[in-house]
Amino acid sequence: MAGGVIPTTLLSSESSHIPFLSGENFSNRKDKILLTLGCMDLDLALRVDEPPIPTKSSTLTERASYERWERSNRLSLMLIKSHISKGIRSSIPDCNKVKVFMKAIEEQFVTSDKALANTLMKKLSGMRLNSSKGVREHIMEMLDIAAQLKTLEIEILSRS
């Protein structure tokens, strides 16, 4: 598909796997965005720096290279922005380069990840088994919190 037309069904199918951005799902969503753009062959603008803007003296290869990069940048931005709610989008600086936009999103949500990790750690460390739920439910709740922390790249070590 390099430089070709992406069928609407593929675009719809692939983009349906991307969750809308919320404060708790940045890391997971970023992975899905990168996978989707890679599968759709639209990740060129994320992998390669912007080539020089073509001039009258540019070769056909240079013009084609810029056009592929520009198309990747434009469609990637559209796809990413379409999966961010308007309330969150307004807090992210608008950019016309996908690399810069992804970096801005990342910077915006690093603090959110830290706050979420802190909340989850407090919840986990304060959990007590009580009579309102069984041992199995208690363990499953603890495992769920540990899994959420793992997505934030915080490992809970267990003693064997």
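So that you can scan it fast, the table gives a plain yes or no per residue for (1) aromatic (F, W, Y); (2) closer than 19 Å to L21 by Cα; (3) part of a helix (DSSP H, G or I):
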residue	(1), (2), (3)
F101	yes, yes, yes
L124	no, no, yes
M127	no, no, no
K133	no, no, no
Residue tally, condition aliphatic (A, V, I, L, M), under 20 Å from D31 (Cα atoms) and without any contact (Cβ under 8 Å) to a residue 60 or more places away in the chain, over the range 113-144
1
Can you find a residue in the range 143-153 that is hydrophobic (A, V, I, L, M, F, W, C), at pLDDT below 85 and touching a strand residue (DSSP E or B) at 6+ places or on another chain (Cβ under 9 Å)?
no
Would you mind finding the one in I80, I105 that is in a helix (DSSP H, G or I), within 28 Å of E155 (Cβ to Cβ), of a type in the set (V, I, T) and at pLDDT 85 or above?
I105
V100: passes all of (1) touching a Pro at 6+ places or on another chain (Cβ under 8 Å); (2) free of Cβ contacts under 8 Å to residues at least 40 places away in the same chain but (1)
Could you list, in sequence order, the residues of the range 36-77 that are part of a helix (DSSP H, G or I), exposed (fewer than 15 other Cβ atoms within 10 Å of the Cβ) and without any contact (Cβ under 8 Å) to a residue 12 or more places away in the chain?
G38, R47, L60, T61, R63, R74
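The values are calculated or read from the model by the stated rules, or taken from the named source; none is laboratory data. Keep in mind the model is a prediction, meaning the values are calculated, not measured. Positions of Cβ are backbone-derived with ideal geometry, glycine not excepted, and every protein chain shown enters the neighbour counts.
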